[in-house]
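**Student:** One structure, pasted below without further comment.
The values are calculated or read from the model by the stated rules, or taken from the named source; none is laboratory data. Small disclaimer: the values here were computed from a predicted structure and weren't measured. Backbone-built Cβ (ideal geometry, glycine too); neighbour counts: all protein chains shown.
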Amino acid sequence: MTQYSNLVAEMNKYDDLMKDIFEKRMSLLDQIVSAESSVSGKITSVKNNEISKYSNEYNYFLDNLLSLDSNYRYKKSRQNNKCSVNYITDQIEINNVCYQGLPFSYSEGAAKSLFKNKNYINKSTFEDVFMDVHGGNAEAGIVPVENSTAGYVTDVYDLLLKYDLYINYNYIRKVDHCLAGTMDSCINDIEVVYSHPQAIMQCKDYINSRRLKAINETNTAVAAQKIYLMNNKNAACICSPEAVENYGLKILENNINSKQNYTRFGAISKYLIADESHNRISIVFTVPHEIGMLDKALALFSYYNINLSYIYSRPDLDSPWKYLFYLDFEGNILDKKVRTILYQLEQELPFLKILGSFKY
């Protein structure tokens, strides 16, 4: 046997010894967790203030051991039905649905696809939609939450926090923007184009190639109405073909977005609804400003074998130089494993909010 093989065999012996010791340790931890309810304060078998006296490698090992202890403790609390997430399982009755923009906008189309034959209310801004739902004037509000080209609609996520609402429904629409102008215009006349900032971003390659000046509007349908009222053959808008027809314009060029373009719309309400068909959960959280805290929070999902779908960060508007982390992951709130994750994060992080549960 070579020296290398001898070394590997010797290390394997120690691995077997560590396995036996680890199993004995976990047995003791189980007894500790069971006894914790009668002891003031939490018990940890490795004290944080002792870790620094070891090597970096062993410190890392002990740090992960502490995380394992914490995960095990919450897993036991799940078995004892000590953790819960506030949600309802009954579908709310929806009669009034509001959306941002004018009729024949993409948002109105999403509203009619998600909730058929309802009373549809158009509002001027995203915040107006949130105010209507929060105030009870509408049971649901339709807002765009993500685009395959431009990414997340950050204003919407800020408003979810401000008004403490939830995303409960999900609708994905393929978006093919067109350039539209007045009946007497031709494509070479166009110098300026109006549309919603997201639509402008999705068509930026086309806009740049034609050297057009882009001006933001609150909605694609609002932009179409503006071009009709301006009656200026040098101005155009980016909107849907339905808006072109409704507002008396003509299509100058079809499919001007850069690539395959999909927008995900969400329906917001005052309630977090749980349903067996849901397979996606959105959350937002903050972490302590300490080394490795974000890594520990994300490692929890790996521990429970939960797949992350998306994560990004944004500045916390209420706390300069601090950040909010937005995370989507696969799962269902009715699953005890998912509820344990949410409960543990809520207990260990400074801030956590569930933003929504829906079928993706």
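**Student:** State the number of residues belonging to the stretch 267-308 that are more than 30 Å from residue 56 (Cβ to Cβ) and touching a residue at least 40 places away in the same chain (Cβ under 8 Å). Show your work before the answer.
**Tutor:** To start, the set of residues in the stretch 267-308 that are more than 30 Å from residue 56 (Cβ to Cβ) comprises 267-284, 307.
Remaining after also requiring touching a residue at least 40 places away in the same chain (Cβ under 8 Å): 267-284.
Residues meeting the conditions: 18.
**Student:** A follow-up question, please. Among the listed residues 292, 331, identify the single one that is at pLDDT 90 or above and on the phi > 0 side of the Ramachandran plot.
**Tutor:** 331
**Student:** Could you check, for the stretch 221-236, whether at least one of its residues is within 28 Å of the chain's Cα centre (by Cα) and at pLDDT below 95?
**Tutor:** yes
**Student:** In a helix (DSSP H, G or I) and basic (Lys, Arg) - does that describe any residue in the stretch 115-131? Don't jump to the end; show me each part of the working.
**Tutor:** Going residue by residue through the stretch 115-131, those that are in a helix (DSSP H, G or I) are 126-131.
Okay, now just the ones that are also basic (Lys, Arg), so none.
No, the stretch 115-131 contains no residue that is in a helix (DSSP H, G or I) and basic (Lys, Arg).
**Student:** Turning to a different aspect of this structure: Among the residues of the stretch 305-317, is any among the charged types (D, E, K, R), within 22 Å of residue 129 (Cβ to Cβ) and more than 15 Å from the chain's Cα centre (by Cα)?
**Tutor:** No, because not a single residue in the stretch 305-317 is among the charged types (D, E, K, R), within 22 Å of residue 129 (Cβ to Cβ) and more than 15 Å from the chain's Cα centre (by Cα).
**Student:** Please find, among 346, 253, the residue that is under 26 Å from residue 163 (Cα atoms) and surrounded by 15 or more Cβ atoms within 10 Å (Cβ to Cβ). Walk me through how you get there before you give the answer.
**Tutor:** Values: 253 fails: under 26 Å from residue 163 (Cα atoms).
So the residue among 346, 253 that is under 26 Å from residue 163 (Cα atoms) and surrounded by 15 or more Cβ atoms within 10 Å (Cβ to Cβ) is 346.
**Student:** Restricting to the stretch 309-328, name every residue that is free of Cβ contacts under 8 Å to residues at least 12 places away in the same chain and in a strand (DSSP E or B).
**Tutor:** 315
**Student:** Do you know which residues across the stretch 329-343 are surrounded by fewer than 17 Cβ atoms within 10 Å (Cβ to Cβ) and assigned to a helix (DSSP H, G or I)?
**Tutor:** To start, the set of residues in the stretch 329-343 that are surrounded by fewer than 17 Cβ atoms within 10 Å (Cβ to Cβ) comprises 330, 334-337.
Passing the criteria: 336, 337.
**Student:** Continuing with the same structure: Do you know which residues across the stretch 186-217 are within 19 Å of residue 173 (Cβ to Cβ) and among the β-branched types (Val, Ile, Thr)? Spell out how you get there, then give the answer.
**Tutor:** Filtering the stretch 186-217 for residues within 19 Å of residue 173 (Cβ to Cβ) gives 195-203.
Hit for the stretch 186-217 is 200, nothing else.
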